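One structure is given below, encoded as structure tokens.
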Amino acid sequence: TMAHSKALLVLENFIGGKFVPCSSYIDSYNPSTGDVYCKVPDSGKEEVEAAVKAAKDAFPIWSSKSPLERSQILNKLADLIEHDLEAFAQAESKDQGKTITFARTVDIPRAVHNFRFFASSILHHVTECTEMPSMGCMHYTSRAPVGVAGLISPWNLPLYLLTWKIAPAIACGNTVVAKPSEMTSVTAWMMCKLLEKAGVPPGVVNIVFGTGAKAGEALVCHPDVPLISFTGSTLTAQRITEKSAPHCKRLSLELGGKNPAIIFDDADLSQCIPTTVRSSFANQGEICLCTSRIFVQRGIYNEFLKRFVAEAKKWKTGNPSDPTVNIGALISKEHLQKVRNYVKKAQAEGARILCGEGVDPLALPPGNQKGYFMLPTVITEVKDESCCMQEEIFGPVTCVVAFDTEEEVIKRANGVKYGLAATVWSGNVGRVHRVAHRLQSGLVWTNCWLVRDLNLPFGGMKASGIGREGAKDSYEFFTEVKTITIKH
């Protein structure tokens, strides 16, 4: 009915500092109820063309501002988002399905921090200089913004990962056309409302909503977009690489993971177990850094398993807006089906499901019966060759297996196509260093998980991506370097 559709939130593209309606829209669902609650623009070539033009037009003025001027604007934007933190957290939780607690304590504070961090780091870069007295020459480098950056961000940490790209791109003096996931576009649209007040000139940040196949493709193929920064699946990244190759674009790709946790028999289990439950199931397991393969040394395997399952069962699944809930809804009906199918495959292969999917009853509040929920699920007695041990599941599912020696576990941990993150638990500092050096992984956390210093490189090896992000790495990606030689 008309009355019903009026209540739906309708998003608009943000191009050249203005909200622009779109001719067609996509339904976006509230994952915790299964209802359509939002209409997202189904943008394509035309909308992307307009956004790129706005970004190109804004580039001369924005790129000629000093780093300090840009820094002040980024800080103002951070303050405005922080001021509306609760509204952003509520929107993120409703749109994505994550718990209000996670949105409030992780997603939105981190989005604020992303702007503050790059507002600060942009003031501290130095260029290089070398001298050649024998030739009467000196050389120095100079860095300049590249132009229009195309930024494509995923649905799992929507504002957090979008701002992790926008902040360094505009801090460096580029202008951007960003495309968030069509499943989680609301917080990006809310942020657009704050840009003018923060002092971001029109056209510096343009946001085009829509699908990867239409809007994303148009952005990646646009000849006037020399940079593409993408976070998402390895499959999509392959397509981006193919499509952008004829234009010689610069790519930064942060892809999936199949991250191991390695738990040696001298680990402090009182720290290890709660942290490993978190690293397996936080944000419904929908974080590229989640641990989905847990290797436990045989001597403590049974004790670990017993305590780990007991702890996992304490996690409460339900209405994301309930502050006592630990696990919210998965992003979509299709994704829930995909994650459940992995559990079915494991069972068919003879693995044991110790808790969660198909084992324990899932009791949901009346309003959430049609939502996309799943209990934290622990699989054991699964072979290393199984798809559950090789492929990224991206849900609240983890596999626990036993190992005997250090040598063996390193080989098994490295035996997947991915190499994003790993965690190592041991009280032996020598072993911690040895193992960390040999793991094929862009990030290794020992005796902790997800402790980030944004100064340092973030990214993966192998099929987990190309390039790194961080203070120095993002600066290098979002600027073009020139070497100048002066003979005196």
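The values are calculated or read from the model by the stated rules, or taken from the named source; none is laboratory data. Everything numeric here is computed off the predicted structure, so don't read it as measured data. As a convention, Cβ positions derive from the backbone with ideal geometry for all residues, glycine included, and neighbour counts pool all protein chains shown. The protein model used for the area step is the full one, side chains on, heavy atoms only, and it has no ligands, DNA or RNA in it. Shrake-Rupley method; radii C 1.70, N 1.55, O 1.52, S 1.80 Å.
Summary table
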read-out	value
Accessible carbon and sulfur surface of the stretch 259-446 relative to its total accessible area, %, 1.4 Å	50 percent
Top positive-direction residue, dipole computed over the stretch 259-446 with Cβ charges, set Thr276, Ala402, Thr377	Thr377
Debye, to nearest 20: dipole size of the chain, +1 on Lys, Arg Cβ, -1 on Asp, Glu Cβ	180 debye
Degrees, to the nearest 10: 269-281 long Cα axis against longest axis of the chain	60 degrees
Amide H contacts under 5 Å for Val296, placed H, 5+ residues apart	Ile263, Val401, Ala402, Phe403
Accessible heavy-atom area order of Arg250, Arg352, Arg431, highest first, probe of 1.4 Å	Arg352, Arg250, Arg431
Inter-label distance for Lys370 and Thr105, nm, one decimal - labels placed 7 Å from Cα along Cα-to-Cβ	3.2 nm
On Cα atoms only, tilt of 45-63 relative to the major axis of the chain in degrees	60 degrees
Per residue, in Å², the accessible surface of the stretch 155-314 once ligands and nucleic acids are set aside, probe 1.4 Å	30 Å²
Dipole magnitude of the stretch 259-446 about its Cα centre (Cβ charges: Lys, Arg +1; Asp, Glu -1), debye to nearest 20	340 debye
The chain: C-alpha gyration tensor shape, a/c 1.5 cut-off, then a/b vs b/c	oblate
Global form of the stretch 259-446, assessed from the alpha-carbon gyration tensor, a/c cut-off 1.5	prolate
Cross-link partners of Lys193 among aspartates and glutamates (Cα-Cα below 15 Å; sequence separation of 8 or more within a chain)	Glu12, Asp79, Glu82, Asp84
Using θ = phi - 60° and Karplus 6.51 cos²θ - 1.76 cosθ + 1.60, couplings along the stretch 313-319 (whole Hz; Gly, Pro as x)	5, 6, 5, 9, 9, x, 3
